[in-house]
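These notes are about the structure you will find just below.
Every read-out reported here was derived from the displayed coordinates using simple, explicitly stated rules and does not represent laboratory data. Just so you know, these numbers come straight off a predicted model, no measurement behind them. In this analysis, Cβ positions are derived from the backbone assuming ideal geometry, glycine residues included, and neighbour counts consider all displayed protein chains.
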Amino acid sequence: MGRIDIGDVAVCALRAGLGATLFAHGTQKLFGWFGGGGLQGTAQGFHAMGYRPGGATALVAGLSETLGGAALVLGFGTPAGGAAVAGTMSVAAEMHTPNGFFNTEGGFEYPGLLGLAAVSLIAGGPGRVSVDHATGHVLDRPWMRAAAIAAVPPAVALVVARKRKALAAENGKETEEEGQEGQGG
């Protein structure tokens with residue numbers, strides 16, 4: 001196993017803190033724990049932000065945060081858990097981008113930093129204080145790390161594109177209906 005050093009402890013602490021934070025956020029979405037809206041409230045929120053269907057989006061976001069967070073806490077399947085967290089936080093950062101950078105203004109600072117931390121854990125690995133290390137890195141191979149990091153940008157682009165397409169279609173329909181009303185139609 002080798003000797004555990006301060007670097008391993010530091011990586012474990014980062015994994016545990018990031019993973020626990022995301023686990024808590026995910027359970028807010030799924031179950032309404034910690035003052036969250038639960039699946040129904042989260043679905044309504046996602047729908048209002050343009051994600052269609054809101055219910056499926058809420059479920060995927062909640063599962064990604066909950067399961068990805070748990071995987072990071074344990075250091076088990078770190079590439080997959082990190083990718084789930086990085087993808088979800090990247091979509092969240094995109095939602096907050098119109099508000100600028102700083103979290104105090106509703107900006108993308110917080111989700112962006114969480115996503116960046118997740119990608120860093122994928123790239124650097126879970127450390128020796130992890131289930132991945134104890135199991136011989138069966139679910140944490142170098143190719144898995146590369147694939148996980150490579151999968152995040154296209155997945156985020158797909159989710160954001162779907163949102164924008166749905167909003168454009170709805171805005172076009174509203175504009176068309178307003179034009180018909182103005183013509184007495």
Given backbone amide H placed at 1.01 Å from N, residues whose amide H is under 5 Å from that of residue 125, ignoring those fewer than 5 places away on the same chain, are none
For residue 63 and residue 143, what is the calculated FRET efficiency with R₀ set at 25 Å and r taken between the beta-carbons, to the nearest 0.05?
0.55
Length gain on complete extension for the stretch residue 48 to residue 165, per 0.36 nm per residue less the alpha carbon to alpha carbon distance?
40.7 nm
Of the options 53, 73, 167, report the single residue whose Cα projects farthest towards the positive end of the charge dipole of the stretch 34-185 (beta-carbon charges: Lys, Arg +1; Asp, Glu -1).
73
Taking the alpha-carbon centre of each part, the distance from the stretch 48-73 to the stretch 112-178 in Å is 11 Å
Could you list, bin by bin from short to long, the percent of Cα-Cα pairs of the chain in 5 Å steps?
1, 9, 14, 18, 18, 13, 9, 6, 4, 3, 2, 1, 1, 0, 0, 0
Hydropathy first: keep DSSP H helices in the chain averaging at least 0.0 on Kyte-Doolittle, then drop any whose Cα extent along the axis falls short of 20 Å, and list what survives.
6-31, 54-74, 78-96, 109-124
Calculated from DSSP H runs of 4 or more alone, at -39500 (n - 2.57) each and per residue, what is the 222 nm mean residue ellipticity of the chain, nearest 500?
-25500 deg cm²/dmol
Mean Cα-pair separation over length for the chain, i.e. relative contact order, pairs under 8 Å, 6 or more apart, %:
21 percent
